[in-house]
Amino acid sequence: MALPDTDQQIISAHAGFICQVVAFSQNPDHHRDLEQLLEGASRQGWSSLVGALREIIRGRRDEALYLGLDTEDRVIAEAILRGLQNPATLPDPNKQPDSSLAAPGLAHMIHAASRDPQALVLLGNMAEQMQKAGGPMARLASVIRPLVNGERDPDKLLKGLDARTEQVLLGIIDELKTLDGRQ
């Protein structure tokens, strides 16, 4: 099943967490590990997601599970549910995120954030994680706000980026120009 680029990007970014929740929840010997993992996630601001995951682990499968979850939490919860039902759907936690997915995925999130407060919050959380990662990711995070505000001039946005991050940013700018033209 092909997922939208933004969903795939979220899953790639949280692959380790997704795989751990599935592995720990399927093995009663890891109940304590699962609890520690979920408690840690809750402390990091994922209490709504943790509540939904606890219900999924108990066997609940109805769509009402996703009510109140933001996009990122919903995508993570759905990936965990798919992984519980079919482990072959789990992401590879050791695989580096595909940078070809980064540009269109981030562009769509940036485009949505310029119109939707919930998308802006999700993007802000992602940018905060990128800042914490440091290096090229932090530099890329620093241009997200100008992109949300409509800046598209590469000369103003590319300063201080390495070649690979430049390519991602140019891809984001190209995709945003296409999305901006569809308004």
The chain: angle of helix 163-181 to the longest principal axis, Cα-based, in degrees nearest 10
80
The chain: relative contact order as a whole-number percent, Cα under 8 Å and 6+ apart:
23
For region 5-88, just say rounded, prolate or oblate: build the C-alpha gyration tensor, square-root its eigenvalues into a ≥ b ≥ c, call rounded for a/c under 1.5, and beyond that prolate if a/b exceeds b/c, oblate if not.
rounded
Could you calculate, for the chain, the ratio of the Cα radius of gyration to the Kirkwood radius, expressed as Rg to Rh?
1.00
Among the lysines in the chain, how many pairs, 8 or more places apart or on different chains, have alpha carbons under 21 Å apart?
4
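Restrict the search to region 129-182; then list the trypsin sites (Lys or Arg not before Pro) that DSSP places in a loop and that have at most 11 other Cβ atoms within 10 Å of their Cβ. Walk me through the numbers on the way to the answer.
On the way: sites: Lys132, Arg139, Arg152, Lys156, Lys159, Arg164, Lys177, Arg182; in loops: Arg152, Lys159, Arg182.
Here the trypsin sites (Lys or Arg not before Pro) that fit, given the DSSP loop and packing criteria, are Lys159, Arg182.
Readers should treat all values here as calculations from the given coordinates under stated rules, not as data from a laboratory. Everything numeric here is computed off the predicted structure, so don't read it as measured data. With ideal geometry, Cβ positions are generated from the backbone for all residues, glycine too; neighbour counts draw on all protein chains shown.
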